[in-house]
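The values are calculated or read from the model by the stated rules, or taken from the named source; none is laboratory data. Quick caveat: nothing in here was measured; it's all calculated off a predicted structure. Glycine gets a Cβ as well: all are built from the backbone with ideal geometry, and neighbour counts include every protein chain shown. For accessibility, only protein heavy atoms count, side chains too; no ligands or nucleic acids. Shrake-Rupley method; radii C 1.70, N 1.55, O 1.52, S 1.80 Å.
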Amino acid sequence: MPSSPSITSLRARGRTPLLFTVNMGLEDVVVDEFRARAAGAGLDVTDTDDAPFGLQSYALVEVDAGPSDALAVARQMRSVHHVLAPLYTFTLSADGEAALRTIRDTMKGLDVAAMEAAETFRASSVRQGTHDFTSVDVQTWAGGALDARYDASVDLEDYDVEVRVDVRDDRCLVSVQHTREALSRRQLEGYQPRAALKANVAHALLRLAHLDAPPDTLLDPFCGSGTILLEAAPLWPGTQCYGNDWNEDAVAGARKNVEAAGLSDQITIRKGDAWRLAERFEDVTADLIVTNPPFGVRMASSMDFYPFYRRVLGQMAEVLRPSGLVVMLVLRQGPFNTVLDESDQFASRHVRAIEIGGLYPYVFVLERR
């Protein structure tokens, strides 16, 4: 008979731990954002971890405040997907059926305070790693255990409590999810191209500039639906923002999105070819460029990125002030590094890989020489 797993309680006496789900590679950005927001609210952050329990795509903070005050700050976060209350973690067997039995039996013995008064609940799961079972299997076995212990009915739509039972390799993490819809699912009204950048990633790119003060002028040469600009405007209300795109539908859609957000005085969208950026923006000197060139997997397989990156960086250098910064998502690091090595216009200040929809582009932060 398998031994009982070692269970670690994640609840903190007198403090509120919060767990955020986030794109891999942006965990530290989430921690920094929460620290800034908590400080603004007068809350003391006693501990943080951008790789809690050795897991990626999560960020953990601990606040010296009650749950209501901590959650009020957490719900303002813009670089995250969901806000969770972490409860327990325990290890699993490598055998699939044994792991599911461990989840079921362990869940039957765990105290989940939010379930005490719940009339309805749902169990959800995000599974990462190689297993002989699926996320649906985890939800089924964990949900059955909660149903057996608590006087609450399963309701996948109209539920009072959502219990997350996430599995990453040989570790199980049990939490209560406080957000019904992901905080990253904003800007979904209006014009939205299929490959639009998620709002939380756009917000994180802005924070990765690590500016001491807001920029006077921000430019996105490949603005698409305007996601980056729409995140920048409320973050830096005094910044004049410019967007550019060659696609007429994108330009028209971005303008409608800006107007709907009531930001037409702060955000200007122009139509133009990024290869002639200096001509289109000869009246603008940018302090910061933040952008996501729209080249997906199908185009990337046949495209020569070297001349593209060389021309685009050259155009950016012409509209950017000396010591100005570029924060740019790069799909192909090799040709981009070659262009940087050959260029005397930019110095690389920071590079990191992040996960976006199963792809792993790099974020480059460059400084104009």
- Message: With every protein chain kept in place and ligands, DNA and RNA left out, what is the accessible area per residue of the range 83-231? Probe 1.4 Å, answer in Å².
- Response: 44
- Using all C-alpha to C-alpha distances in the range 226-369, build P(r) with 5 Å bins and read off the rounded percent in each one. 2, 9, 17, 22, 22, 17, 9, 2, 0
- Dipole-positive endmost among Val258, Tyr159, Pro322 within the chain (Cβ charges, Cα centre): Pro322
- Task: Please work out the FRET efficiency for the pair Asp132 and His210, using the Cβ-Cβ distance as r and a Förster radius of 25 Å; give the result to the nearest 0.05.
- Result: 0.05
- Item | For the range 13-80, accessible area per residue (1.4 Å probe, heavy atoms of protein chains only), Å² | 41
- Task: Taking all protein chains together and a probe of 1.4 Å, list Lys271, Lys198 from the most accessible to the least accessible.
- Result: Lys198, Lys271
- Using θ = phi - 60° and the Karplus relation 6.51 cos²θ - 1.76 cosθ + 1.60, list the HN-Hα couplings for the range 272-281 in order, rounded to whole Hz, with x at every Gly or Pro. x, 7, 4, 6, 10, 4, 5, 5, 6, 10
- Task: Give me the Debye-computed log₁₀ of I(q)/I(0) at q = 0.10, 0.11, 0.16, 0.21 Å⁻¹ for the range 1-152, equal point scatterers on Cα only, no solvent, two decimals.
- Result: -0.40, -0.49, -0.99, -1.36
- Space enclosed by the convex hull of the alpha-carbon atoms of the range 187-261, per residue, Å³: 83
- Among the lysines, select those whose C-alpha is under 26 Å from the C-alpha of Lys271, and discard any that sit fewer than 8 residues away in the same chain. Lys198, Lys256
- Message: Considering just Cα atoms, how many Å³ per residue does the convex hull of the range 117-255 enclose?
- Response: 175
- Whole-percent carbon and sulfur contribution to the accessible surface of the chain (1.4 Å, no ligands, DNA or RNA) stands at 45
- Task: Take the Cα atoms of the range 84-128, build their convex hull, and give its volume per residue in Å³.
- Result: 104
- Query: Using unit Cβ charges (K, R positive; D, E negative) and no other charged atoms, how large, in debye to the nearest 20, is the dipole of the chain about its Cα centre?
  - Reply: 520
- Using a 1.4 angstrom probe and counting only protein chains, how large is the accessible area of His350 in Å², to 10? 70
- Task: Report P(r) for the range 93-159: all Cα-Cα distances, bin width 10 Å, range 0 to the bin holding the largest distance, values in whole percent.
- Result: 22, 51, 24, 4
- Descending Cα extents along the principal axes, the chain, whole Å: 71, 44, 36
